[in-house]
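The values are calculated or read from the model by the stated rules, or taken from the named source; none is laboratory data. Please read these numbers as outputs of a predicted model, since none were measured by experiment. Just so you know, the surface numbers come from the protein's heavy atoms only, side chains and all, with ligands and any DNA or RNA stripped out. Shrake-Rupley method; radii C 1.70, N 1.55, O 1.52, S 1.80 Å.
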Amino acid sequence: MAMAAILPSATPNKVRSYSSTPLHHILSSSRNHRRAITSACPRVEKMTRLRFFYHDIPSGKNPTTFLIAQANITQDFFSPSPYGSLYSMDDPLTLEPERTSKMVGNAQGLYLALSRDPTKFTAVFYADFAFTSGKFKGSSFSLFSRYPLTDFVPGPGVIREMAIVGGTGAFRMATGFALFWATSSNAKTGDASLEVDVTLYHY
């Protein structure tokens, strides 16, 4: 009886009519609405510059980089990062050059080593640089680029540029570039710490 009280009663021999709007009218109206919002509130491009330190550590008891695949033909290829090796990484980002300094985020992703010369290093990187503290906590930018050929122990003035192709949070729709240069590196272990100077264009 309680259900009958809240349900609409049926009327014999009477057909109810409902209005409908054609789908193309709805879509057209939606597009016009979006254009009106865009013209009223144009997007303003912002530029943000960031500076931090990145630590890639494949050696020791607590590595941040792991070898996950390697070509059979390069198993005996003497190099910290043999040609054709695929690595996963969860590298810390810090405020200062020391690994023990305040951590501000992580760089998580993959890279594929591509140098046939065992004294050199180059790779294709995909990584998401996510910030876990500070003004940009919860935001990230994505890097997808080739790391240019360099010595395993590059000189202090050697700068490498990589492309930024996207972002989230405060860096949504980001493009830009990152400049890397080594603050310390070890040719035997492959460990490296780099200063990173990032220029982001975003909305």
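The alpha-carbon of LYS46 sits under 28 angstrom from the alpha-carbons of these lysines, leaving out residues fewer than 8 places away in its chain: LYS102, LYS135, LYS137. Per atom type, segment 130-203 shows carbon and sulfur on 59% of its accessible surface, probed at 1.4 Å. For segment 81-128, the fraction of 1.4 Å probe accessible surface lying on carbon and sulfur atoms is 59 percent. Per residue, the solvent-accessible area of segment 46-188 (1.4 Å probe, heavy atoms of protein chains only, all protein chains present) comes to 54 Å².
One decimal place: the segment VAL44-ALA69 gains 4.7 nm when fully extended, by the rule 0.36 nm per residue minus the C-alpha distance.
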